[in-house]
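Participant: Please read through the structure below; I'll follow up with questions.
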Amino acid sequence: MSDEARTDVVAWFDIPVTDLDRATAFYGAILQAELTRYSAPGIEGALFPTTGLSGTLLKGEGFVPSHAGSVVYLDGGDDLSTVLDRVEAAGGTVLLPKREIGGGRGYFAYFQDTEGNRIGLHSAG
């Protein structure tokens with residue numbers, strides 16, 4: 001690794017779930033995307049589609065959904081309101097409506113998914 005400052009410190013994320021079918025349907029509905037299911041010894045998962053940084057829904061021993069702790073922010077597209085407007089119809093709860101970050105950094109919001117995780121959304125608009 002070089003001595004230059006890193007700008008790409010996030011490489012992957014896992015969102016723990018207890019019901020993979022329910023979670024896959026929820027995220028597919030709010031993001032209007034198809035997640036790819038997979039399994040490995042001791043775990044089941046569903047990969048988010050990507051052209052860069054990505055992650056997975058993950059069901060297995062030790063993967064426990066949580067409302068506390070670190071927050072994963074998903075890309076809300078051009079206007080995160082579009083995704084946020086789908087949350088409740090898909091079985092989630094809006095925790096914090098769209099808010100401006102300030103300083104031209106865009107907007108954010110929080111929702112609780114069907115598994116009990118607190119998840120963030122971010123967008124420029």
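The values are calculated or read from the model by the stated rules, or taken from the named source; none is laboratory data. Small disclaimer: the values here were computed from a predicted structure and weren't measured. Cβ coordinates were reconstructed from backbone atoms using ideal geometry, including for glycine residues, and neighbour counts include every protein chain displayed.
Participant: Does region 43-56 contain any residue that is touching a Lys or Arg at 6+ places or on another chain (Cβ under 8 Å), of a type in the set (S, T, N, Q) and over 16 Å from residue 16 (Cβ atoms)?
Facilitator: No, the conditions are met nowhere in region 43-56.
Participant: Now a separate question. Restricting to region 27-51, count the residues that are farther than 15 Å from residue 76 by Cα and not polar (S, T, N, Q).
Facilitator: Qualifying residue count, region 27-51: 12.
Participant: Hey, among the residues in region 13-72 that are acidic (Asp, Glu) and touching a Leu at 6+ places or on another chain (Cβ under 8 Å), which one's nearest to residue 122 (Cα to Cα)? Let's see the steps before the verdict.
Facilitator: Applying the first criterion (acidic (Asp, Glu)) to region 13-72 yields 14, 19, 21, 34, 44, 61.
Add one more test, that the residue is touching a Leu at 6+ places or on another chain (Cβ under 8 Å), and what stays is 14, 44.
On the way: 14: 18, 44: 27 Å.
The qualifying residue nearest to residue 122 (Cα to Cα) is 14.
Participant: Look through region 78-119, keep the residues that are without any contact (Cβ under 8 Å) to a residue 24 or more places away in the chain and assigned to a strand (DSSP E or B), and return whichever of them is farthest from the chain's Cα centre (by Cα).
Facilitator: Top of the filtered list is 100.
Participant: Can you confirm whether region 68-79 contains a residue that is under 23 Å from residue 19 (Cα atoms), in contact with a strand residue (DSSP E or B) (Cβ under 6 Å, 6 or more places away or on another chain) and buried (at least 19 other Cβ atoms within 10 Å of the Cβ)?
Facilitator: yes
Participant: Tell me the residue from 116, 60, 103 that is in contact with a His (Cβ under 9 Å, 6 or more places away or on another chain), among the small types (Gly, Ala, Ser) and either at pLDDT 95 or above or surrounded by fewer than 17 Cβ atoms within 10 Å (Cβ to Cβ) (or both), please.
Facilitator: On the way: 60 fails: in contact with a His (Cβ under 9 Å, 6 or more places away or on another chain); 103 fails: in contact with a His (Cβ under 9 Å, 6 or more places away or on another chain).
Exactly one residue qualifies, and that residue is 116.
Participant: Related question: Which residues, taken from region 17-46, are in a strand (DSSP E or B), surrounded by 15 or more Cβ atoms within 10 Å (Cβ to Cβ), out of contact with any helix residue (DSSP H, G or I) (no Cβ under 7 Å at 6 or more places or on another chain) and hydrophobic (A, V, I, L, M, F, W, C)? It would help to see each step written out before you state the result.
Facilitator: First, the residues of region 17-46 that are in a strand (DSSP E or B): 36-40, 43-46.
When the remaining residues are screened for being surrounded by 15 or more Cβ atoms within 10 Å (Cβ to Cβ), the result is 43-46.
The next check asks that each one be out of contact with any helix residue (DSSP H, G or I) (no Cβ under 7 Å at 6 or more places or on another chain); those that pass are 43, 45.
Passing the criteria: only 43.
Participant: Another one. Would you mention how many residues in region 47-77 are without any contact (Cβ under 8 Å) to a residue 24 or more places away in the chain, part of a loop (DSSP other than H, G, I, E, B) and more than 12 Å from the chain's Cα centre (by Cα)?
Facilitator: Number of matching residues: 6.
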